[in-house]
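Below is one structure; the comments refer to it alone.
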Amino acid sequence: MIIHSDKNLSQKIEATEGGVSAEFCRSRARLEPGCGSTAERIGGAFAMFDGPDSPLTQTFGLGMFEDADEQALESIENFFISRGADVFHEVSPLADPNLLAMLVGRGYQPIELSTVLIKPLAGYSAIANQTVQTRVVQTEEAELWAKTSARAWSNEMPELGDFMLNYGTISAHGEGAFPFLAEIDEEPVATGMLYIVGDMAFLAGASTVPEARKRGAQTALLNDRLAFAIEQGCAFAMMGAAPGSQSQRNAEKNGFRVAYTRTKWMLGRT
């Protein structure tokens, strides 16, 4: 199957990631009443607030579903500023071309790039791994999944340990979320999240505890998540990575290709 990196594909991608982020905010609000976590559609964009310091507090899809205008931008900015948060937008290169000049004119600066990769699932067949077993964890095992993910992340970036524990517990409860756990000799060693939105599978949450790395856990998780997604009727899989990173190289080795690179914009503080 040939797919083209056009606006239609970008709308599907941005709606998937925006929808997943919005569902996370709704899940937190259900599990932690009074936390203030919320999500809205403003000017066609997905606007998420998960706390002033959360990386989920931002927008997706700005300028993709409606042409950007000053009034919409002001409404979005008020959504964040009224909650004590900085304003961030993940912007597709296929968004309304007038948007970039508007962002610069309002005092935004580009601060980060991220590559989105896509893979058609037609004809895909999983490769069995006899050493690593994977499974979708049940709701009552959400804490086990989160602790495994947090242990893997905290080894690389200790400051992320507590955040990933909380993030993992909440994300495992989200609608359309399928948290996968990899085990070797019945011991949990790696995690991978699968979100399903329509016919799109979104892969995220990949992490492996230090002592189990380079033993095929992430390859098994990738294969089994894609196979599961096909069983659920998905036609495409997507994932994100830092440009030129090992994650991007691994994805390309497994048949993903670059759809485009997004730019993250931040409104300058006054």
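Here are some notes:
- Rolling a 1.4 angstrom probe over the chain with all protein chains present gives an accessible area of which 51% lies on carbon and sulfur atoms.
- Of the residues THR148, GLN246, ALA22, the one whose Cα sits farthest towards the positive end of the charge dipole of the chain is GLN246 (charges of +1 on Lys and Arg Cβ, -1 on Asp and Glu Cβ, taken about the Cα centre).
- Here Rg/Rh (Cα atoms, Kirkwood Rh) was computed from the coordinates, and among [x] 1.03; [y] 0.99; [z] 0.96 the match is [z].
- For the chain, the longest principal axis of the alpha carbon atoms and the long axis of helix 7-31 meet at an angle near 80°.
- Region 32-162, dipole about Cα centre (Lys/Arg Cβ +1, Asp/Glu Cβ -1), debye to the nearest 20: 560 debye
- Helix 161-171 axis, angle to the chain major axis (alpha carbon atoms, nearest 10°): 90 degrees
- Each of MET164, PRO120, PHE88 was scored by the projection of its Cα onto the charge dipole of the chain, and the greatest displacement toward the positive side belongs to PRO120; charges sit on the C-beta of Lys, Arg, Asp and Glu.
- Angle between the chain longest axis and helix 217-231 axis [Cα atoms, degrees, rounded to 10]: 70 degrees
- From most to least packed by mean Cβ count within 10 Å, the peptides 122-129, 39-46 give 39-46, 122-129.
- Kirkwood-based shape ratio for region 139-270, expressed as Rg/Rh from alpha carbons: 0.98
- A convex hull fitted around the alpha carbon atoms of region 196-270 yields 142 Å³ per residue.
- Taking amide H atoms as placed 1.01 Å from N in the peptide plane, the amide H of THR57 lies under 5 Å from those of ASP50, each 5 or more residues away in sequence or on another chain.
- Relative packing of peptides 31-38, 6-13 - highest average C-beta neighbours within 10 Å first: 6-13, 31-38
- Stokes-Einstein, applied to the Kirkwood radius of region 165-223 over Cα pairs at a viscosity of 0.692 mPa s and 37 °C, places its translational diffusion at 272 µm² s⁻¹.
- Taking packing as the residue-averaged number of other Cβ atoms within 10 angstrom, the listed peptides 84-91, 183-190, 19-26 run from highest to lowest as 19-26, 84-91, 183-190.
- Per residue accessible area in Å² of the chain, where ligands, DNA and RNA are left out and the probe is 1.4 Å: 47 Å²
The values are calculated or read from the model by the stated rules, or taken from the named source; none is laboratory data. What you see is a predicted model, and the numbers here were worked out from it, not measured in a lab. We place every Cβ from the backbone using ideal geometry, glycine too, and count neighbours over all the protein chains shown. Ligands, DNA and RNA are excluded from the accessible area calculation, which covers all protein heavy atoms including side chains. Shrake-Rupley method; radii C 1.70, N 1.55, O 1.52, S 1.80 Å.
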